[in-house]
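Read the figures in this text as sums done on the coordinates, not as results from a lab. Treat the numbers as computed from the prediction; the structure is a model and nothing was measured. For neighbour counting, all protein chains shown are included, and Cβ atoms are generated from backbone atoms with ideal geometry for every residue, glycine included.
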Ligand SMILES: [Zn+2]
């Protein structure tokens, strides 16, 4: 039996974005399984360093996914029409890039980090 290839995502709690993001990650990276950590408007949280306690708690959960499940890839997602983070699509994309950069710094070489944008049609794209 081979070990399943696993990735991790920090996604909004919004039910509209769960399946599109998981399907995108499975397709793009060939993951068998995706560990999902949800947080309302995570792009807002991780683009600022204001709520360090909450950030620390989520990063601990990412660490569990890495250590217990051998995930080496983390995605952070934001989406159109987010009720927890009601900003323009352009601001979302800037926040997602900033959030991915912050998580990349926190995680160092332990995991690769990518930012994902989900548009109003549920189409997912990576922000480089
Ligand atoms: Zn949302």
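The figures follow:
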{"quantity": "Residue in the stretch 110-124 that is closer than 22 Å to residue 56 by Cβ and over 15 Å from the mean Cα position of the chain (by Cα) present", "calculated": "yes"}
{"quantity": "In the stretch 66-89, residue farthest from residue 104 (Cα to Cα) [restricted to those that are more than 11 Å from the ligand (Cβ to nearest atom), under 17 Å from the mean Cα position of the chain (by Cα) and in a loop (DSSP other than H, G, I, E, B)]", "calculated": "70"}
{"quantity": "Total residues in the stretch 1-22, condition away from the ligand (no atom under 16 Å from the Cβ) and either without any contact (Cβ under 8 Å) to a residue 12 or more places away in the chain or in contact with a helix residue (DSSP H, G or I) (Cβ under 8 Å, 6 or more places away or on another chain) (or both)", "calculated": "6"}
{"quantity": "The stretch 35-58, residues that are out of contact with any strand residue (DSSP E or B) (no Cβ under 7 Å at 6 or more places or on another chain) and crowded, with 19+ Cβ neighbours inside 10 Å", "calculated": "41, 44, 45, 47, 55"}
